[in-house]
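I have placed the structure first, in the form of structure tokens, so that the comments after it can refer back to it.
Bear in mind these aren't lab numbers, they're just calculated from the coordinates by the rules spelled out. Small disclaimer: the values here were computed from a predicted structure and weren't measured. Positions of Cβ are generated from backbone atoms using ideal geometry, with glycine treated the same way; all protein chains shown enter the neighbour counts.
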Amino acid sequence: MVSALLPFEGPADLSRIEAPVTLKAYLICAFAACGGLFFGYDTGWINGVLGMPYFITLYTGYSYDYDRKQPIGIDPVNFGLPSSTKSLMTSILSCGTFFGALIAGDIADFIGRRLTIIIGCLIFCVGCVLQIASTNQTVLFVFGRLIAGLGVGFISTVIILYMSEIAPRKVRGALVSAYQFCITVGILLANCVVYSTQDRNDTGSYRIPIGVQFLWALILGTGLFILPESPRYHVMKGQLQSAAKSLAYVRGQPIESEYIKDELAEIVANHEYEMQVVPQTSYIGSWVACFHGSLRKGNSNIRRIILGCGLQMWQQLTGINFIFYFGTTFFQQLGTISNPFFISLITTLVNVLSTPISFVAVEYLGRRFLLIYGAMGMIIMQYIVAIVGVTAGRIDANDPAAVRGMIACICINIFFFATTWGPTGWVVIGECFPLPIRSRGVGISTACNWFWNCIIAVVAPYMVGNSKGSANLGPRIFFIWGSLCIFSMLFAYFLVPEMKGLTLEQIDKMMEEVSPRKSKKWMPKTTYVAELARRDAEKSRQQWRDVHAATNTTGGLESGMMGGGYQEANEMGAIDPYGHGPTHGVHGGSGGYGNSMGRDPYESPNTVRY
Ligand code: BGC
């Protein structure tokens with residue numbers, strides 16, 4: 001039992017469970033957020049590269065006149081990679097990320113969050129090398145993307161886990177939103193790099209955009225060498241000394257600080273509580289445990305998995321990636337636009353510039369508010385785009401003003417996404433899982449993001465395309481995205497609880513006690529330290545009653561039982577992270593529930609001793 005390993009005082013006072021936020025805490029999380037660059041950049045560069053004349057000539061054998069900017073001997077409309085190649089090269093990344101995200105959780109529990117991210121960076125670099133090494137070998141290029149995807153899967157899962165576990169509760173949402181900000185910056189950077197190399201008549205056209213990514217791996221990988229491991233990971237492993245050290249580091253407090261002791265005691269107590277509730281079984285059993293519990297109980301594992309996966313699925317089904325993946329071709333189809341690439345660049349810029357608003361909004365307005373009203377905003381904007389698209393904005397109507405209006409609405413739609421569903425999807429999956437299944441839960445949810453990302457990447461071109469076998473929906477596709485946003489809104493309303501301002505441990509309690517719709521008003525009443533002490537006391541009282549009933553004598557029995565706990569803690573006292581030496585167990589000593597203090601022996605005091 002972990003609590004028996006922690007012979008120091010824990011808080012019953014709710015205000016003392018976390019140290020004040022320091023600049024250092026901000027900086028550490030802000031740095032970890034750089035992981036978002038991989039995500040954004042890697043999704044951003046492929047589209048541009050697939051449209052590059054040099055890349056197309058390399059894989060198709062067509063010729064291209066770089067001075068006149070025209071293909072030779074082939075109609076420009078047909079100058080391009082076959083759809084199957086495009087689809088394979090685009091979606092194989094999501095395939096790698098899907099599997100990477102799924103296994104990353106296990107690895108992060110086994111070797112730690114920090115090391116898993118560093119390994120993710122290395123795998124990613126291997127994937128980049130393979131892509132750069134390929135000249136016109138589709139297999140090598142595709143294999144390289146699969147491997148790079150694996151690395152991105154590791155990073156995209158474990159960064160969320162790491163950031164949520166080290167960020168102070170009051171700014172956790174804002175700091176995880178910084179991850180989303182880095183995704184958007186990654187997409188923008190990819191667009192800029194691809195824009196600057198697209199006309200090159202050599203392998204630099206595609207090798208430079210791929211090679212730039214080494215920089216992100218180098219920055220994140222080396223930075224994480226310096227940063228500490230997540231204290232919650234150490235607690236999971238029973239390494240309390242290390243947990244205390246890294247908690248002190250990330251909070252910028254001395255290790256002896258009361259804040260550090262109290263916060264650590266609460267993390268330990270929560271972990272122990274969760275371990276009591278979640279049955280510990282085999283490896284397979286522990287995977288199955290992620291799907292355990294009743295659908296009616298808000299805090300059951302299955303409900304949390306539905307929450308995490310649902311959020312990621314509905315985030316993708318808002319249709320945002322249709323704009324970022326296929327915006328350029330879609331804008332081309334609208335007819336009156338002369339520079340679709342420029343419009344695409346504007347959409348990515350709107351995405352980047354809007355996201356920082358969420359840093360504040362996610363903490364002030366809360367997760368639920370953003371998800372519900374963000375979806376509403378997207379429903380309205382996407383329906384307007386669709387309605388204008390089938391009336392005044394039709395190609396044969398040739399009305400530039402109507403098309404400009406549609407583009408404005410698409411930008412406002414991006415604004416709604418970037419300030420709400422974009423960041424909040426990540427914030428919530430970092431917060432909603434209990435420690436024993438947190439890494440897997442985040443992994444499964446992230447894999448779900450990549451799964452739907454992949455589906456959209458494969459399906460959307462056929463939905464809007466005008467070639468044979470395509471649905472040729474054109475702007476009508478926004479009716480579909482708008483309608484899907486209605487489901488996103490309902491999902492948020494019925495299933496997403498409000499988690500702002502709570503510690504990860506308090507979130508557990510809140511999900512146990514109230515439904516998502518009532519969660520906003522929920523206030524923490526107790527700490528896990530106090531709760532565990534209360535449970536132990538209750539257990540002892542029951543045992544005492546049983547023994548009393550059996551023997552009908554009280555003398556000596558109570559003190560004998562208490563002595564059991566005392567002795568257990570004394571034996572474990574050797575690994576007290578603060579070097580207190582053997583101290584008293586839960587029921588023993590001056591801080592316990594002794595009769596000598598004149599209290600009800602089983603009533604929880606303000607400070608609980610572990
Ligand atoms: C989504 C990505 C999307 C990006 C756009 C992220 O939250 O998961 O799929 O491309 O936002 O900013």
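Which lysines, on any chain, are close to Lys69 with Cα under 24 Å apart, when same-chain ones fewer than 8 places away are left out? Qualifying lysines at Cα under 24 Å: Lys86.
Starting from the eigenvalues of the Cα gyration tensor, five times each then square-rooted, give me the equivalent ellipsoid semi-axes of segment 228-277, largest first, whole Å.
Details: eigenvalues 71, 26, 10 Å².
So the equivalent ellipsoid measures 19, 11, 7 Å along its semi-axes.
Here the gap between Arg541 and Ile455, fully extended at 0.36 nm per residue and compared with their Cα-Cα distance, gives a gain of 25.3 nm. Each Lys and Arg contributes +1 and each Asp and Glu -1, all at the Cβ; summed about the Cα centre of segment 300-410, the dipole is approximately 400 debye.
The peptide list 356-362, 222-228, 309-315, put in order of mean Cβ contacts within 10 Å with the highest first, becomes 309-315, 356-362, 222-228. The ranking of His234, His292 from fewest to most other beta carbons within 10 Å of each one's beta carbon is His292, His234. Shown here for segment 17-87: trypsin sites (Lys or Arg not before Pro) in loop regions (DSSP other than H, G, I, E, B) with at most 15 other Cβ atoms within 10 Å, namely Arg68, Lys69. Placing a pseudo-label 7 Å from each Cα along the Cα-to-Cβ vector at Ile111 and Ser196 gives an inter-label distance of 3.4 nm. Calculated translational diffusion coefficient of segment 153-276 (20 °C, 1.002 mPa s; Stokes-Einstein with Kirkwood radius over alpha-carbon pairs) equals 125 µm²/s.
To the nearest 0.05, what FRET efficiency results for Asn472 and Leu295 with a Förster distance of 45 Å applied to their C-beta separation?
On the way: r = 40 Å, r/R0 = 0.90.
FRET efficiency, Asn472 to Leu295: 0.65.
In terms of the mean number of neighbouring beta-carbon atoms within 10 Å, the peptides 435-446, 455-466 order highest first as 435-446, 455-466.
Can you give the net charge of the other residues whose Cβ lies under 15 Å from the Cβ of Val362, counting K and R as +1 and D and E as -1? Write down the numbers at each step before the final one.
Details: positive: Arg169, Lys170, Arg172, Arg367, Arg368, Lys500, Lys520; negative: Glu363, Glu431, Glu498.
Within the 15 Å Cβ shell, the charges total +4.
Each Lys or Arg adds one and each Asp or Glu takes one away; over the other residues whose Cβ falls under 10 Å from the Cβ of Ile210, this sums to +1.
First select every other residue whose beta carbon is under 13 angstrom from the beta carbon of Gly393; then total the charges, Lys and Arg +1, Asp and Glu -1. Provide the component values of the computation, followed by the final result.
Working: positive: Arg394, Arg404, Arg476; negative: Asp396, Asp399.
Surrounding charge for Gly393 is +1.
Give the shape of segment 322-361 as rounded, prolate or oblate, defined through the alpha-carbon gyration tensor: a ≥ b ≥ c are the square roots of its eigenvalues, a/c under 1.5 means rounded, and otherwise the shape is prolate if a/b is larger than b/c and oblate if not. Because a/c hits 1.5 or more and a/b exceeds b/c, segment 322-361 counts as prolate. Placing pseudo-labels 7 Å out from each Cα toward the beta carbon at Leu218 and Arg68 gives an inter-label distance of 4.2 nm.
Over the Cα atoms of segment 261-323, each weighted equally, I'd like the Debye log10 I(q)/I(0) at q = 0.12, 0.19 Å⁻¹, rounded to two decimals. Here log10 of I(q) over I(0) equals -0.48, -0.84.
Using the Cα centre of segment 372-525 as the reference point, and only Cβ charges (+1 on K/R, -1 on D/E), how large is the resulting charge dipole? Debye, rounded to the nearest 20.
Working: 13 positive and 8 negative charges, 27 e Å.
Here the size comes out at about 120 debye.
By the beta-carbon count within 10 Å of each Cβ, the least crowded to most crowded order of Thr57, Thr97, fewest first, is Thr57, Thr97.
Modelled label positions at Ser257 and Ile357, each set 7 Å beyond Cα in the direction of Cβ, lie 3.5 nm from each other.
Counting every other Cβ atom within 10 Å of each residue's Cβ, Asp199, Asp42 order from fewest to most as Asp199, Asp42. Looking at segment 247-355, the GluC sites (Glu not before Pro) that sit in a DSSP loop and have at most 14 other Cβ atoms within 10 Å of their own Cβ are Glu256. Just to verify a number: FRET efficiency for Ala133 and Ser282, C-beta to C-beta distance, R0 = 45 Å, to 0.05? Calculated value: 0.60.
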